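Right, one structure below, let's go through it.
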Amino acid sequence: MLLGAAEAQGLEGIVSKKLASRYYPDRRSKDWLKFPIRPTGSYLVGGYRHETGSDQRLGAVLVGQPTETGLVFRGRVGSGIAGKAGQKLGDLLRGLETSTSPFTDELPKVDREGTVWVEPSIIVDVQYLTLTPDGRLRQPAYRGVRTDLTPEDL
């Protein structure tokens, strides 16, 4: 209930502490807990990268948001893509490979390098902290594939 009220006010989250605990600068304590509000969104996958040292395991997906001008890059999502979840997503993406980037904007070299481009038809659910000033997802985490939506729904 408190977290919902904080979200309704547009806050980043809440901090709680044990009543008798003290605050010590520059030191973490299990007596103080942070509960961030993490919104979720649905994004199209426009590419993927393999895990470092592997040519099979999925390491991250590059996601975008459809706009009137095309697919706008929102960032790389690697957290949450492991084990069976990553294997299933990788299987879906491997049949959609293409030679060119589906994103309208020029991606930074660090994001382009090693990326396998795909037709943007797979929608993923992503939880994130906020958007950065340049419109990228901050601390994104993969939550699953959205089979209930189509790209036109976005």
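From the list Val61, Val77, exactly one residue is within 28 Å of Gln9 (Cα to Cα), touching a residue at least 24 places away in the same chain (Cβ under 8 Å) and of a type in the set (A, V, I, L, M). Which is it? Full working, then the answer.
Numbers: Val61 fails: within 28 Å of Gln9 (Cα to Cα).
Exactly one of Val61, Val77 is within 28 Å of Gln9 (Cα to Cα), touching a residue at least 24 places away in the same chain (Cβ under 8 Å) and of a type in the set (A, V, I, L, M), namely Val77.
Looking at Arg38, Arg138, which one is among the basic types (Lys, Arg), closer than 30 Å to Gln9 by Cβ and crowded, with 16+ Cβ neighbours inside 10 Å? Lay out the reasoning, then the answer.
Working: Arg138 fails: crowded, with 16+ Cβ neighbours inside 10 Å.
Of the residues listed, the single one that is among the basic types (Lys, Arg), closer than 30 Å to Gln9 by Cβ and crowded, with 16+ Cβ neighbours inside 10 Å is Arg38.
Go through (1) open to solvent by less than 50 Å² (accessible area, probe 1.4 Å); (2) outside any strand (DSSP E or B); (3) out of contact with any Lys or Arg (no Cβ under 8 Å at 6 or more places or on another chain); (4) touching a residue at least 24 places away in the same chain (Cβ under 8 Å) one by one and return the number of the condition Gly86 breaks.
(3)
Restricting the stretch 1-23 to residues that are without any contact (Cβ under 8 Å) to a residue 24 or more places away in the chain and surrounded by 10 or more Cβ atoms within 10 Å (Cβ to Cβ), which is nearest to Thr130 (Cα to Cα)? Break it down into steps so the answer makes sense when it comes.
Taking the stretch 1-23 as the starting set, the residues that turn out to be without any contact (Cβ under 8 Å) to a residue 24 or more places away in the chain are 1-2, 4-5, 8-10, 14-23.
Among the residues that remain, those that are also surrounded by 10 or more Cβ atoms within 10 Å (Cβ to Cβ) are: 5, 14-18, 21.
Working: Ala5: 18, Ile14: 15, Val15: 17, Ser16: 21, Lys17: 24, Lys18: 28, Ser21: 30 Å.
Per the stated criteria, the residue is Ile14.
Just one of (1) over 17 Å from Pro39 (Cβ atoms); (2) out of contact with any Leu (no Cβ under 6 Å at 6 or more places or on another chain) trips up Phe103, so point out which.
Result: Phe103 passes all but (2).
The values are calculated or read from the model by the stated rules, or taken from the named source; none is laboratory data. Since this is a predicted model, take the numbers as computed values, not measurements. Cβ sites come from the backbone with ideal geometry, for glycine too, and all protein chains shown count toward neighbours. Surface accessibility is based on the protein's heavy atoms, side chains included, excluding ligands, DNA and RNA. Shrake-Rupley method; radii C 1.70, N 1.55, O 1.52, S 1.80 Å.
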